[in-house]
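Trainee: To start, I am sharing the structure in question, which I have written as structure tokens.
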Amino acid sequence: MAEGERQTPSDSSEDAPPTTQNFIIPKKEIHTVPDMGKWKRSQAYADYIGFILTLNEGVKGKKLSFEYKVSEAIEKLVALLNTLDRWIDETPPVDQPSRFGNKAYRTWYARLDQEAENLVATVVPTHLAAAVPEVAVYLKESVGNSTRIDYGTGHEAAFAAFLCCLCKIGVLRVDDQIAIVFKVFNRYLEVMRKLQKTYRMEPAGSQGVWGLDDFQFLPFIWGSSQLIDHPYLEPRHFVDEKAVNENHKDYMFLECILFITEMKTGPFAEHSNQLWNISAVPSWSKVNQGLIRMYKAECLEKFPVIQHFKFGSLLPIHPVTSSC
């Protein structure tokens with residue numbers, strides 16, 4: 001199955017040559033709960049989940065320190081994220097009575113809002129310039145909400161959609177798979193954690209102790225895939241502080257656990273009950289399969305998350321068309 005999915009990014013850019021494609025500004029299409037059926041039947045859903053699963057397969061059993069190809073497009077994406085990181089340093093939090101949701105975030109976000117297309121243009125070659133306004137929308141959607149000063153899995157999904165769009169127009173290719181997760185997505189996570197810490201962002205639509213994590217989901221999926229068939233690290237080890245400290249630089253899953261323990265106080269079983277339960281699962285492949293099911297149910301099939309998702313020509317709302 002993964003082999004078929006793996007072809008998707010390059011095929012789609014060949015099927016619809018960028019020179020003839022009509023790019024459009026993505027907009028919301030899921031306005032009511034009954035609209036969710038449209039989303040689940042859409043080409044966007046099929047392409048998005050196919051992209052997530054292809055990357056899941058690509059990083060299976062590999063450490064972050066694994067040697068992989070780093071293309072020019074990957075380097076440019078990392079440079080883009082470095083710019084966002086630098087802007088945080090240039091926009092310190094302001095003094096305010098409220099502990100959470102520092103209003104300086106709005107200043108930082110306004111800069112991204114203004115510069116997003118210029119940033120994306122540094123990654124996209126000039127012959128694909130027409131795609132920039134469409135793709136840039138997903139970048140703007142991926143860093144949190146400037147009104148509520150919150151961040152959640154819907155914003156994370158927008159960043160995955162941004163990367164998926166870059167695959168569909170051929171900027172990222174099949175052999176960029178590992179670098180997409182290990183270099184680009186990992187850098188994105190670092191910048192998001194810095195945003196969350198610096199501006200004390202609220203979790204968007206958090207389920208509190210019953211959710212997997214306040215902010216992220218995808219690094220748990222891809223991170224558990226990295227650990228499949230590990231010679232000695234088992235799911236029970238991620239609640240062991242020593243195991244986490246010794247291995248977090250190699251595995252996204254453990255890096256996520258480390259961040260949680262830094263941000264939360266008290267017993268792990270109390271502040272992260274779902275993850276605590278997962279530590280009892282016997283194998284990483286079962287954890288990985290379970291997390292994919294959970295991601296579909298708790299994120300992709302939840303109206304409060306998907307109502308904010310935007311659809312354009314690259315991730316269209318129309319029903320799946322079989323190209324075979």
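Trainee: How much of Lys27 can a 1.4 Å solvent probe reach, expressed as accessible area in Å² and rounded to 10?
Mentor: Lys27 has an accessible surface of roughly 120 Å² with all protein chains in place.
Trainee: Do any of Lys28/Lys249; Lys76/Lys168; Lys27/Lys168 go past 28 Å between their Cα atoms, and which?
Mentor: Values: Lys28/Lys249 38 Å; Lys76/Lys168 17 Å; Lys27/Lys168 18 Å.
Among Lys28/Lys249; Lys76/Lys168; Lys27/Lys168, the Cα-Cα distance tops 28 Å for Lys28/Lys249.
Trainee: Could you give the nm distance between label points at Ile25 and Ser285, where each point is 7 Å from its Cα heading toward the beta carbon?
Mentor: 4.8
Trainee: Quick one: length gained pulling Arg86 to Phe66 fully straight, 0.36 nm per residue minus the C-alpha distance?
Mentor: Result: 4.5 nm gained on full extension.
Trainee: For the chain, what is the relative contact order in percent, using Cα pairs closer than 8 Å and at least 6 residues apart in sequence?
Mentor: Contact order relative to length: 31 percent.
Trainee: Also, I was wondering about something else. Of the labelled options (1) 134; (2) 158; (3) 125, which one gives volume of the Cα convex hull per residue in Å³ as computed for this structure?
Mentor: (1)
Trainee: Right, next: Using only the heavy atoms of the protein chains and a 1.4 Å probe, how would His237, His127 rank by accessible area, largest first?
Mentor: Solvent-accessible surface, decreasing: His127, His237.
Trainee: Over the stretch 245-293, give the accessible area per residue in Å² for a 1.4 Å probe, as an integer.
Mentor: Accessible area per residue, the stretch 245-293: 51 Å².
Trainee: Set Lys and Arg Cβ to +1 and Asp and Glu Cβ to -1, take the dipole of the stretch 37-149 about its Cα centre, and tell me which of Ser98, Gly37, Tyr138 lies farthest positive.
Mentor: The Cα lying farthest towards the positive end belongs to Gly37.
Trainee: While we're here: When the Karplus curve 6.51 cos²θ - 1.76 cosθ + 1.60 is applied with θ = phi - 60°, which whole-Hz ³J(HN,Hα) does each residue of the stretch 296-307 get, with x for Gly and Pro?
Mentor: Per-residue couplings from phi come out as 4, 6, 8, 10, 6, 10, 9, 4, x, 7, 6, 4 Hz.
Trainee: Add -39500 (n - 2.57) for each DSSP H run of 4 or more in the chain, then divide by its residues: what number comes out at 222 nm, to the nearest 500 deg cm²/dmol?
Mentor: -15000 deg cm²/dmol
Trainee: When only the heavy atoms of the protein chains count and the probe is 1.4 Å, how do Met201, Met263, Met294 rank by accessible area, highest first?
Mentor: Details: Met201 10, Met263 90, Met294 35 Å².
Result of the area sort, largest leading: Met263, Met294, Met201.
Trainee: Calculate, in nm to one decimal, what Glu115 and Tyr232 gain on full extension: separation in residues at 0.36 nm each, minus their alpha carbon distance.
Mentor: Working: separation 117, 0.36 × 117 = 42.12 nm, distance 4.60 nm.
Contour length minus the Cα-Cα distance gives 37.5 nm.
Trainee: Further, regarding this structure: Between the stretch 52-128 and the stretch 175-226, how many Å separate their Cα centres?
Mentor: 12
Trainee: How high is the FRET efficiency between Met263 and Glu57 when r is their beta carbon distance and R₀ equals 22 Å, given to the nearest 0.05?
Mentor: 0.10
Trainee: If I compute solvent accessible area with a 1.4 Å probe over the protein chains, what percent of it on the chain is carbon and sulfur?
Mentor: 52
Trainee: Among His31, His155, what's the order by accessible area (1.4 angstrom probe), most exposed first?
Mentor: Sorted by accessible area, descending: His31, His155.
The values are calculated or read from the model by the stated rules, or taken from the named source; none is laboratory data. Note that the coordinates shown come from a computational prediction; the quantities given were computed from them, not determined experimentally. Cβ coordinates were reconstructed from backbone atoms using ideal geometry, including for glycine residues, and neighbour counts include every protein chain displayed. Protein only, heavy atoms only, side chains kept; ligands, DNA and RNA dropped before computing areas. Shrake-Rupley method; radii C 1.70, N 1.55, O 1.52, S 1.80 Å.
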